1. Which FRET efficiency value, to the nearest 0.05, is calculated for Ala110 and Ile227 with the Förster distance at 45 angstrom and r the Cβ-Cβ distance?
2. For Gly199, which sequence-distant residues (separation of 5 or more, or a different chain) have an amide H within less than 5 Å of its own amide H, given hydrogens modelled in the peptide plane?
3. Given Val88, Asn171, Ile58, which one lies farthest toward the positive end of the charge dipole of segment 3-202, if we put +1 on the Cβ of every Lys and Arg and -1 on the Cβ of every Asp and Glu?
4. Would you mind getting the accessible area per residue of the chain, heavy atoms of the protein chains only, 1.4 Å probe, in Å²?
5. Please list the non-local residues whose amide H lies under 5 Å from the amide H of Thr53, H modeled 1.01 Å from N, same-chain partners needing a gap of 5 or more.
6. Taking a ≥ b ≥ c as the square roots of the eigenvalues of the Cα gyration tensor of segment 148-216, is the shape rounded (a/c under 1.5), prolate (a/b larger than b/c) or oblate?
7. Treat each spin label as a single point 7 Å out from the Cα along the C-beta direction, and report the His24 to Ser184 distance in nm.
8. Under a Cβ-only charge scheme (Lys and Arg +1, Asp and Glu -1), can you give me the dipole magnitude of the chain about the Cα centre, in debye to the nearest 20?
Amino acid sequence: MMGYSHSVSAAATWLALNESGLIHIQDTPTLIVTTLVAAGAGMLPDIDHHSGTIAHSIPPVSQWVARLVSSISGGHRKGTHSLLGLAVFWYLAYGANQLLYQGIPLLALALTGLAGGLALRVFKAPGGWLGAISLSVATLYLDALAYMPWAILAGATAHILGDALTVRGINPFWPLTVKPAVASMLWRKSGYMALPLLGEAGSGRENLLTSILTLYIGAYTLAELGILSTYPLEGARALLSI
Ligand SMILES: [Zn+2]
């Protein structure tokens, strides 16, 4: 999946989690901030790619970080695209929150600023990194920080699932390689798994899925603003039960 698709799917995942009640954010500013963080976290696993969007975000520091992460995590689509990687992302955000509660806000601000800034960048929002800094500081005054580890986990999980829908797939059990008894397109000898419904990254099918998810985000926004009377999943459920 491409960066924009990852961010859109991560934002849609976060909103769907809220609509389904698995998370429960009623305050709109908090929902906006956490959705942007989830959208940015939707690109976080590709921090293992030296020429990816994240590597080019704050050069040359981001390129050094990308190379370091890539060497620790075994290369592209390995450690950062695994269950272990998800646990590390969550723990990093959780640890940042704990430090913040002890009066050390730097890591939490950096993490929310990075994730939010990536989302603003990929959505081509005006303001650039100034917007990211404002977003990061805003989280201190909102009820958003408690949700950050979950927003980051949701975004990174959406990314990995998105990549699993492409031909190249992922190895969820990295650093282990679990080989199938009989290799197939779904589970290869290399241990990589895929349900390649989207084909190659950047395909027409990926664009179609991204468009549908964009419509979902749009409908959710209209419902949040009170312009639509029903939230999209609720509306879809009502339509299906007719
Ligand atoms: Zn990826």
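The values are calculated or read from the model by the stated rules, or taken from the named source; none is laboratory data. Computed from a prediction, not measured in an experiment: that's the story for all the values here. Here Cβ is always computed from backbone atoms with ideal geometry, including for glycine, and neighbour counts include all displayed protein chains. Surface accessibility is based on the protein's heavy atoms, side chains included, excluding ligands, DNA and RNA. Shrake-Rupley method; radii C 1.70, N 1.55, O 1.52, S 1.80 Å.
1. Here the calculated transfer efficiency is 0.80.
2. Sorted by chain and number, the residues that satisfy this are Val167.
3. After comparing all options, I get Asn171.
4. Value for the chain: 51 Å² per residue.
5. none
6. It is oblate, given that a/c is not under 1.5 and a/b is not larger than b/c.
7. According to this spin-label approximation, the distance is 4.1 nm.
8. Working: 11 positive and 10 negative charges, 162 e Å.
Here the chain has a charge dipole of around 780 debye.
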